[in-house]
Amino acid sequence: MNKKPIIGIIGKVKPKYENDLWHRIDEVDEIRYLIVKHGAIAITLLPTEITTKFNDNDIKDNKILTKEEKEDLYRQIELCDGFILQGGLYSCNYEIEIAKKIIELNKPLIGICAGFNNILRALGTNVILDKDKKHDIYDKNYRHKIKICKNTKLYNIVKKDIMEVNSIHSMIATKELVSPYAKISSYSEDGLVESFEISNKKFIIGVKWHPELMLEEEYVDRLFREFISSCNPN
């Protein structure tokens, strides 16, 4: 009997609002749905720090993980065949540390929006704030065009030169920030990096858009089908 791959969705910390009794960590159900739809098992990976105070923005987390906290994260990684770094308004060092280890182990990984940012941080670069907020359009139905670069894994998966994607992010990446560290696979019409991949790894792709909000698009199924296939433990 073939075993289904196990995909670890890295949990995203939410801020504790004034009337909340609990701190919460999120997993986007549309991502879980795509994983299950394409033949895998989804689990959520959680921070290992003994704290309920995490970073509350997507720019800089000053928390330094201890050796024990890192080792506990690595044990979670051992459980999984592939990983999703989710989008969100906040990023923590445990997400970057997980990304570093996944890259080192050459396990499949998709980084979505803030996950895109955290893969770049794991590689030693960063993103910058979009001061004009041209790409922060909080609308599920909004689309803009991106150009897919040929001779990339993304192009081979989606088989398109041009795609339309959503745009719900406050942090952006330029060619200069990305190209020394990863292979750029698509650009927005204003020249910003919309996706990248790491050529010498099994399957590591970062995308700025949210494929989980475009379930009707065939290329979303193509992307997750190829990702899950690369995670197959058999």
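The values are calculated or read from the model by the stated rules, or taken from the named source; none is laboratory data. Here the structure is a predicted model, which means the values were calculated and not measured. Note: ideal-geometry Cβ built from the backbone for every residue, glycine included; neighbour counts use all protein chains shown. Please note that ligands, DNA and RNA were not included when accessible areas were found on the heavy atoms of the full protein model with its side chains. Shrake-Rupley method; radii C 1.70, N 1.55, O 1.52, S 1.80 Å.
Counting residues that are basic (Lys, Arg) and either farther than 15 Å from Val127 by Cβ or free of Cβ contacts under 8 Å to residues at least 60 places away in the same chain (or both), which strands (runs of 3 or more DSSP E) fully inside the stretch 172-234 reach at least 1?
So the answer is 183-188.
Restricting to the stretch 19-50, count the residues that are of a type in the set (S, T, N, Q) and part of a loop (DSSP other than H, G, I, E, B).
Selection size over the stretch 19-50: 2.
When you check Asn151 against the structure, is it more than 25 Å from Gly39 (Cβ to Cβ), open to solvent by 50 Å² or more (accessible area, probe 1.4 Å), in contact with a helix residue (DSSP H, G or I) (Cβ under 9 Å, 6 or more places away or on another chain) and not in a strand (DSSP E or B), yes or no?
No: the conditions fail for Asn151.
Sort out which residues of the stretch 100-120 are crowded, with 20+ Cβ neighbours inside 10 Å, more than 10 Å from Lys12 (Cβ to Cβ) and out of contact with any Pro (no Cβ under 9 Å at 6 or more places or on another chain), and write them in order of number.
Hits for the stretch 100-120 are Lys107, Leu109, Gly111, Cys113, Phe116, Asn117, Asn118, Ile119, Leu120.
Of these, Lys16, Lys53, Lys63, which one is touching a helix residue (DSSP H, G or I) at 6+ places or on another chain (Cβ under 6 Å), surrounded by fewer than 18 Cβ atoms within 10 Å (Cβ to Cβ) and in a loop (DSSP other than H, G, I, E, B)?
Lys63
Open to solvent by 20 Å² or more (accessible area, probe 1.4 Å) and part of a helix (DSSP H, G or I): does that describe Glu97?
Taking the combined requirement at face value, the residue satisfies it.
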